[in-house]
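The values are calculated or read from the model by the stated rules, or taken from the named source; none is laboratory data. Because the structure is predicted, anything quoted here is derived from the model rather than measured. With ideal geometry, Cβ positions are generated from the backbone for all residues, glycine too; neighbour counts draw on all protein chains shown. The protein model used for the area step is the full one, side chains on, heavy atoms only, and it has no ligands, DNA or RNA in it. Shrake-Rupley method; radii C 1.70, N 1.55, O 1.52, S 1.80 Å.
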Amino acid sequence: MKSFTRIVFVAGFLSTLLMGQWTIDPQIEAKIDELLAKMTFAEKVGQMTQLSGINERYEEMIRKGEIGSLLNVVGAKETNRIQKIAVTESRLGIPLIFGLDVIHGYRTIFPIPLASSASWDTALIRKTSVIAAKEAGSEGIRWSFAPMVDIARDPRWGRIAEGAGEDPFLGSAISRAQVLGFQGKNLSDPLTLMACAKHYVAYGAAEGGRDYNTADMSERTLREIYLPPFEAAVRAGAGSVMSAFNEISGIPASANKFTLRDILKGEWNFNGLVVSDWNSIAEVIQHGIAADKLDAAVKSLIAGVDMDMQGSCYIPALEPLVTNGTLSIDLINDAARRILRLKFMLGLFEHPYVDEELHKEIILNSEHIQTALELARESIVLLKNEKNILPLDRKKIKRIALIGPLADDQQSLLGCWQCMGRKEDVVSIHDGLKNRLGGDVVIDYAKGCEINSDNKGGFKKALQAARQADVVIMAVGEHAYMSGEGHSRSNLDLPGVQPELVTAVAESGKPVILVLINGRPLTLADVEPQVAAIVESWQLGIQHGNAVADVLLGNYNPSGKLTASFPYTVGQIPVYYNHKNTGRPPAGGVESLNSKYIDCPPAPLYPFGFGLSYNTYKYSNLKLSSNPLPIDGELLVSVQVQNTGKRDGVEVVQLYLRDLVASVTRPVKELKGFQRIALKAGETKTVEFKLTHEHFSFIGMDNKRIVEPGEIQVTVKDLQDSFWIK
Ligand code: GLC
């Protein structure tokens, strides 16, 4: 055992050295040395200060070198105007970085991240980040406060909408894709964005799913579940990380030396900059670990936060604390150095201004719109399709009743981070059906009710439409701001009287296709039995309506797979796929004493990785390349997948491992590989996965990553095999 552990440590150590996202450029460091030597204390903490918006006071502060970055200022002309003040009217002419929340698109708005994660298409997700960078860069933005890589196991938490769901392996792959997309090959390209992995760390573990609430967990859980997507972002070269609002087991994330300096800047050798979340340095006073802003500033600096977003804690009044030895000037110099390093890498000293014509051929161009449609289609998850009612048979359908408060909605389809998106750019579900059906099918639209009200006044008209129709499509769910920051819900049912509307319409006897528009998993156990089909369409951005129509009409064969579990009831939460077995796993019978509920199944209604298609796929010939496997060996897993349907389609092949006996308890399954494969009707392909010690490793008793000998079970769909690590 000892020798094996050593092998992993050596490998791990080497990867740490290599992972430091980019090697430090000595020429840049020499320029920083020269600049730092000239800078006053006030100018250094000025670089460490980020403020939102612009006004005359801020312009004066910029002239004095008291601001290093602005957020929420956009437009080539405006950013150039302000940049000119910094470069030509301040003593040292250090350029500003302009930052913005370009979370899922700048003006071309793509699906919310929880939706796009359901595509499992990291290549396409990366492409949308490239597009977002081009659009934002053309309007003076060089820093995106994205990707949001918080693992979320609690759909009550509104910000589950912004991330890639509950799994660290998929979350890490998507984190990497977004960083590479934003930052491109060279960060000095004006059409790239410095990425910012956020919110470091464990923000999604808020107790009760209540935003900003306490996160308290073992170091092992932190390292197994919440840290990996951040490590993936750092390995991919992310220029920045944002420290979170929440506390982590007693220490606020924005004053947490263990997570920031020991792990991020130490173990991972992160050379970029850490920016606090909005005012989160000052909020350590609310947390109760600092007496005032100067105390908060010292604690955050010691912890490793380099830039203060909108908190104004990093101020010249800190200088006496340096003089009296409370605060080391080295911390100030290191923070300022990191910020200047990124400004040099972004090319801002050489090219501080943006070409004011560039945006004209970039913003919302046809290629970007087409990409938005592609990702929107791939993000849709088919949850139910009784008697294959979908895709709709256009020969039999002459009249559709389109009912629901989101059928004509455009604003909500942009999701909770709308950036520069405009509702007039959005194709509603109603318009999407009109676009795809043309005039040969009547669409009888009736809103039925509001999204979140108790008014049933619209039911009558909706029922009339349903009675006259061949099929009913109901567009129901949440508005954009029922999820996102500060918008957690304690009840995950369809809001308002929508459930009653579904029941009333279903009682008309006409088949109902439920199209969901939502920013989180919902509790659907009550509506599910009443409808023939359920199409999870999330908030898909500007091409939402066309994508939904393409799936409903069979122009696109749905391939999405859930990345966050849909609970039966809120009472099940947290419910997630990679759970532990316990000593008494759930078994049948109310009397038996095991880990179950007496009033609800133990499993979610729809689990992680689930999604239907208009095809079926047959898996066979699961093969493992070796058994036993030496501790540092590579395992090749192959499986054949056949499209047994009549339509071409895409299948997301998922590979799970289970470590059957280990020195700590291990999940009943863990995703360790996935591939999207296109299969023509009847076609068979062989899919191969290469697994290394990194796939078999886990956080052991002493919170170090190790690999142990033992039996590992491999599961791909309904096939299972196992091998021994010797
Ligand atoms: C917000 C969010 C963060 C965002 C920042 C700037 O409070 O927590 O995700 O990047 O402030 O808007």
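Beta carbons closer than 9 Å, at least 6 apart along the sequence or on distinct chains, never pair a first residue in segment 238-258 that is outside the structural domain of M309 (by TED's automatic domain parsing) with a second that is away from the ligand (no atom under 15 Å from the Cβ).
The number of residues in segment 139-186 being among the acidic types (D, E) and outside any loop (DSSP other than H, G, I, E, B) comes to 1. The single residue among G458, G477, G496, G486 that is touching a strand residue (DSSP E or B) at 6+ places or on another chain (Cβ under 9 Å), at pLDDT 95 or above and more than 28 Å from L373 (Cα to Cα) turns out to be G458.
Residues in segment 702-721 that are open to solvent by 20 Å² or more (accessible area, probe 1.4 Å) and closer than 20 Å to F674 by Cβ: Q713, T715, K717, D718, L719, Q720, D721. Does Y106 satisfy the condition of being open to solvent by less than 10 Å² (accessible area, probe 1.4 Å) and modelled with pLDDT of 95 or more? Against the criterion (open to solvent by less than 10 Å² (accessible area, probe 1.4 Å) and modelled with pLDDT of 95 or more), Y106 qualifies. Pick from segment 422-435 the residues that are open to solvent by 20 Å² or more (accessible area, probe 1.4 Å) and not in a helix (DSSP H, G or I): which of them is nearest to L406 (Cα to Cα)? In this case the residue turns out to be V427. Among the criteria (1) on the phi > 0 side of the Ramachandran plot; (2) assigned to a loop (DSSP other than H, G, I, E, B), the one R394 does not fulfil is (1).
All conditions in (1) open to solvent by less than 50 Å² (accessible area, probe 1.4 Å); (2) free of Cβ contacts under 8 Å to residues at least 12 places away in the same chain; (3) basic (K, R) hold for K561, with the sole exception of (2).
Being open to solvent by 40 Å² or more (accessible area, probe 1.4 Å), polar (S, T, N, Q) and touching a Gly at 6+ places or on another chain (Cβ under 6 Å) is the filter here, so list the residues in segment 648-701 that pass it. Within segment 648-701, S663 is the sole residue that qualifies.
Report whether or not F349 is open to solvent by less than 30 Å² (accessible area, probe 1.4 Å), among the aromatic types (F, W, Y) and either closer than 30 Å to R126 by Cβ or more than 16 Å from the ligand (Cβ to nearest atom) (or both). Don't jump to the end; show me each part of the working.
Details: open to solvent by less than 30 Å² (accessible area, probe 1.4 Å): no; among the aromatic types (F, W, Y): yes; either closer than 30 Å to R126 by Cβ or more than 16 Å from the ligand (Cβ to nearest atom) (or both): yes.
The answer is no for F349.
Being surrounded by 20 or more Cβ atoms within 10 Å (Cβ to Cβ), touching a residue at least 24 places away in the same chain (Cβ under 8 Å) and within 19 Å of I281 (Cβ to Cβ) is a condition met by no residue of segment 84-92.
Which of the residues that make up segment 436-462 are open to solvent by 60 Å² or more (accessible area, probe 1.4 Å) and more than 23 Å from P495 (Cβ to Cβ)?
First pass over segment 436-462, keeping only residues open to solvent by 60 Å² or more (accessible area, probe 1.4 Å): 436, 439-440, 442, 447, 450, 452, 454-457, 460-461.
Passing the criteria: R436, G439, D440, V442.
In segment 12-37, what residues are open to solvent by 30 Å² or more (accessible area, probe 1.4 Å), at pLDDT 95 or above and outside any loop (DSSP other than H, G, I, E, B)? Of everything in segment 12-37, those that are open to solvent by 30 Å² or more (accessible area, probe 1.4 Å), at pLDDT 95 or above and outside any loop (DSSP other than H, G, I, E, B) turn out to be P26, Q27, A30, K31, D33, E34, A37.
May I ask you to say which residue of E485, E450 is within 16 Å of the ligand (Cβ to nearest atom) and in a loop (DSSP other than H, G, I, E, B)?
Details: E450 fails: within 16 Å of the ligand (Cβ to nearest atom).
Residue meeting the stated conditions: E485.
Under the condition of being within 11 Å of the chain's Cα centre (by Cα) and either within 16 Å of the ligand (Cβ to nearest atom) or free of Cβ contacts under 8 Å to residues at least 60 places away in the same chain (or both), the residues counted in segment 111-169 number 16. Here is the figure for segment 588-617: residues that are open to solvent by 50 Å² or more (accessible area, probe 1.4 Å) and touching a residue at least 40 places away in the same chain (Cβ under 8 Å) total 3. Scanning segment 341-372 for residues that are of a type in the set (D, E) and part of a loop (DSSP other than H, G, I, E, B) turns up E350, D355, E356, E357.
Only a single criterion out of (1) within 23 Å of V149 (Cβ to Cβ); (2) open to solvent by 30 Å² or more (accessible area, probe 1.4 Å) is not satisfied by Y568, namely (1). A single entry from S625, S620, S638 fulfils the requirement of being more than 23 Å from S379 (Cα to Cα), in contact with a strand residue (DSSP E or B) (Cβ under 7 Å, 6 or more places away or on another chain) and without any contact (Cβ under 8 Å) to a residue 24 or more places away in the chain: S625.
Residues of segment 539-553 include none that is surrounded by fewer than 19 Cβ atoms within 10 Å (Cβ to Cβ) and either at pLDDT below 95 or in the same structural domain as V441 (by TED's automatic domain parsing) (or both). Being surrounded by 20 or more Cβ atoms within 10 Å (Cβ to Cβ) and either touching a strand residue (DSSP E or B) at 6+ places or on another chain (Cβ under 6 Å) or not in a loop (DSSP other than H, G, I, E, B) (or both) is true of L375.
Taking segment 37-51 as the range and being among the charged types (D, E, K, R) and without any contact (Cβ under 8 Å) to a residue 60 or more places away in the chain as the test, the residues that pass are K38, E43.
The number of residues in segment 187-244 being open to solvent by less than 10 Å² (accessible area, probe 1.4 Å), in a loop (DSSP other than H, G, I, E, B) and either farther than 28 Å from S138 by Cα or among the acidic types (D, E) (or both) comes to 5. When residues in segment 651-675 are screened for being in a strand (DSSP E or B) and small (G, A, S), 1 of them pass. Screening N279, N271, N246 for residues that are closer than 19 Å to P147 by Cα and either within 16 Å of the ligand (Cβ to nearest atom) or touching a strand residue (DSSP E or B) at 6+ places or on another chain (Cβ under 9 Å) (or both) leaves exactly one candidate, N246. Considering I85, I94, I131, I54, the condition of being under 28 Å from E536 (Cα atoms) and among the aliphatic types (A, V, I, L, M) is satisfied by I131 alone. Scanning segment 170-208 for residues that are in contact with a Gly (Cβ under 8 Å, 6 or more places away or on another chain) and farther than 12 Å from M148 by Cα returns L180, Q183, L187, S188, D189, P190, L191, T192, L193, M194.
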